Amino acid sequence: HLHGLEAELLQALGPQGDISEYCRLDSDGNGLQDWFERLYLTEGTVGASLPVTTAALTPLANAAGWHSGDDVQVALWPDPRIADLATTLYALDGGGATTGQYLNVTAEGIHSLSYWSRYTVGTFSYEEPHRPLPIRIDATDPSVALSPTINALVTDPRASVTATFSDALSGIAA
């Protein structure tokens, strides 16, 4: 059914893709918006089929949600049904919007990525809601402190040893 509406637009646009011809056919003057709304807002449940941009991170995070050591590569994909109409954008750590589908996050810490796509046909544009994605990178190995020190163990081999582990960012798993 989705393809029927896409075919309707393509047929209305003609072989050269003349958007003005489609708008001329629409009595209220916003034919492209009407087509988009019919295609994505009224098919089935309202809002269920709106375009969605997806994200993939490489390497994958551990079970606690942390990436260790390496940079994190992010790939963003606009909705494949209408990807050719999309401009994908992202903002990292509260910065300004950047156009693109790929980025590397390199600095250690907790980062906030927001991403979305804008789909444009002629003068009509639909911008999806911005999606948040936390990216946690801990590149520093945990530390261990022994008490007493190794030197003290040499002089008294019966001394008990206590080890204290710490990790400032991601913590120590039990």
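Summary of values
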| quantity | calculated |
| --- | --- |
| Residue that is farthest from the chain's Cα centre (by Cα) [pool: residues in segment 48-107 that are hydroxyl-bearing (Ser, Thr, Tyr) and open to solvent by less than 40 Å² (accessible area, probe 1.4 Å)] | Ser49 |
| All positions within segment 108-133 that are more than 16 Å from the chain's Cα centre (by Cα), part of a loop (DSSP other than H, G, I, E, B) and surrounded by 14 or more Cβ atoms within 10 Å (Cβ to Cβ) | Glu108, Gly122 |
| Flag for Ala168 being open to solvent by less than 40 Å² (accessible area, probe 1.4 Å), more than 30 Å from Pro80 (Cα to Cα) and modelled with pLDDT under 75 | no |
| Selection count, segment 61-99, where residues are under 13 Å from Arg118 (Cβ atoms), at pLDDT 95 or above and part of a loop (DSSP other than H, G, I, E, B) | 1 |
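The values are calculated or read from the model by the stated rules, or taken from the named source; none is laboratory data. Given the structure is predicted, the values throughout are model-derived calculations rather than measurements. All Cβ positions, glycine included, derive from the backbone under ideal geometry; neighbour counts span all protein chains shown. Protein only, heavy atoms only, side chains kept; ligands, DNA and RNA dropped before computing areas. Shrake-Rupley method; radii C 1.70, N 1.55, O 1.52, S 1.80 Å.
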